[in-house]
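Visitor: I have a structure I would like to understand better, so I am pasting it below and will then ask my questions one at a time.
Throughout, read-outs are computed from the coordinates displayed, never taken from laboratory work. Quantities reported herein were computed from a predicted structural model and do not represent experimental measurements. Cβ coordinates were reconstructed from backbone atoms using ideal geometry, including for glycine residues, and neighbour counts include every protein chain displayed.
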Amino acid sequence: MLRNIRRSGKNLLSPDAWKIRILFWSGAVVVGLIASGFAIVSEHANEGFSHLVEISPYLPFLVCPLGLMLVSWLTVKFFPGAQGSGIPQSIAALQMVDHRSRRAVLSFRIAFGKILLTLLGLLSGASIGREGPTVHIGAAIMFSLGRFAKFPHHYMDKGLILAGGAAGIAAAFNTPLAGILFAVEEMGRSFEERTSGVLLTAVFLAGITAIVIQGNYTYFGSTDATLMTSQFILPILICGVCGGLLGGLFSTILIQGSRRLAPYMKRRPTMVALFCGLGIAMAGLLSDSTVYGTGYDQARAIITGDSVLPDSYPLMKMLATIFSYLSGIPGGIFAPSLATGAGLGAEIAHWLPSLPVSAIIILGMVGYFTGVVQTPITAFVIVMEMTDNQELLLPLMATAFVSYATSRLVCPSPIYRELAITFLPPRAKTQEPQPLPGESER
């Protein structure tokens with residue numbers, strides 16, 4: 001025991017240990033600053049496209065295809081590796097063993113491109129979020145800063161990628177706890193004991209930085225919606241099963257669609273973007289122009305009851321997000337999935353008129369979101385923190401795990417893990433993907 005105490009004391013005072021801490025913590029503050037600026041500018045991009053739609057609901061049939069073609073061309077020409085959510089790239093980087101391969105998907109250039117192209121995508125009306133891109137940006141920044149530490153790559157790379165990705169989630173959602181859980185549940189599946197304390201502190205600093213800049217807000221406001229214990233079973237089962245099936249179907253479409261479109265994306269990426277842009281515009285027309293952008297405003301309006309969206313909203317939002325992702329432009333699926341889930345919850349609430357509407361909407365949100373990403377703990381914590389509601393903790397947890405089990409029936413492998421295969425080096429693709437630490441337990 002005395003030996004352990006002496007060893008921990010040496011580690012505390014070691015110059016190398018402090019160099020690592022300073023690297024992680026300063027990087028986390030940088031990630032928090034960039035994530036906050038990204039969030040603020042993203043809102044303006046959303047509003048910019050909304051003004052275009054106010055001029056004419058048919059204008060997106062011009063703006064969406066042309067905008068997505070431009071973003072697709074810029075991605076292929078100047079920022080290869082920046083496409084899609086960014087979480088698959090971060091997960092793929094964790095599985096790579098070569099530092100040079102990691103640099104192909106994680107760099108300052110890609111981080112810059114991710115911000116620029118996601119904003120252009122929002123200005124073009126794409127149904128995308130900034131949370132996945134922020135994970136990619138955070139991982140890229142932290143990984144790139146590692147060169148200044150001059151430690152062996154095998155010693156630092158994975159810890160930096162995990163810390164950067166988790167810090168990105170914490171800052172993007174203004175939910176530090178969700179960032180920690182996401183690092184455990186999706187990106188790393190487990191922590192290494194020697195780096196866990198530094199990583200947790202980095203996530204905390206990124207979250208605090210975002211709070212200082214943007215304030216301690218909740219995306220969807222505060223709601224005191226609750227359910228009596230005797231009311232739990234029916235909404236949990238319905239929201240969990242419906243959300244899991246629909247979310248699993250969405251993930252399967254993205255996985256299979258990405259694979260089937262891969263040959264066309266190599267030959268004619270802008271033409272794929274053109275047709276996807278037309279699909280987004282059609283979904284917008286069929287939903288009274290409610291499916292464009294991140295979906296935060298619509299989800300907030302559904303939860304607070306400020307407005308009623310058309311019955312077609314959840315399906316059209318889902319379709320718009322599918323078209324947006326398959327177009328190959330940078331952009332995440334977190335925010336659109338939360339919005340789709342809120343719309344699904346509102347539809348389920350019609351079936352259960354005797355129960356509180358807001359509570360069912362929140363359960364629908366966590367059900368669908370879990371069905372898509374298959375990270376139940378992260379999902380219910382994100383939803384709980386974003387609605388500032390602890391009263392629904394138990395039903396949220398139960399719905400998330402019902403949805404997770406249901407989604408696995410439709411989509412056996414998590415979406416991000418499947419999409420990550422695309423970014424692995426050719427040799428790694430021909431081999432059986434190795435599970436990340438702790439994944440065999442799931």
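Visitor: With unit charges on the beta carbons (Lys and Arg positive, Asp and Glu negative) and the dipole taken about the Cα centre of the range 268-421, which residue among 278, 313, 419 sits farthest to the positive side?
Guide: So the residue we want is 419.
Visitor: Separate question: Would you kindly compute the Cα radius of gyration of the range 308-412 and its largest Cα-Cα separation (Dmax), both in Å?
Guide: My reading of the Cα-based Rg and Dmax gives 13.5, 43 Å.
Visitor: Counting only residues 5 or more places away or on other chains, whose amide H sits under 5 Å from the amide H of residue 129 once H atoms are built in the peptide plane?
Guide: Here 332, 333, 334, 335 satisfy the definition.
Visitor: I would also like to ask the following. Going by how many other beta carbons lie within 10 Å of each one, how would you line up 340, 226, 252, 321, fewest first?
Guide: 226, 252, 321, 340
Visitor: Something else now. How do 297, 157, 306 rank when sorted from fewest to most other Cβ atoms within 10 Å of their own Cβ? Write down the numbers at each step before the final one.
Guide: Values: 297 17, 157 23, 306 10.
The order, fewest Cβ neighbours first, is 306, 297, 157.
Visitor: While we're on this one: By counting other Cβ atoms within 10 Å of each Cβ, how are 271, 397, 386 ranked from fewest to most? Before the final figure, lay out the partial values.
Guide: Details: 271 13, 397 18, 386 24.
Fewest to most other Cβ atoms nearby, the residues stand as 271, 397, 386.
Visitor: Rounded to two decimals, what is the ratio between the C-alpha radius of gyration of the range 229-427 and 2.2 N^0.38 Å? Numbers along the way, then the final one.
Guide: Details: Rg = 16.8 Å, N = 199, 2.2 N^0.38 = 16.4 Å.
Computed over Cα atoms of the range 229-427, the ratio equals 1.02.
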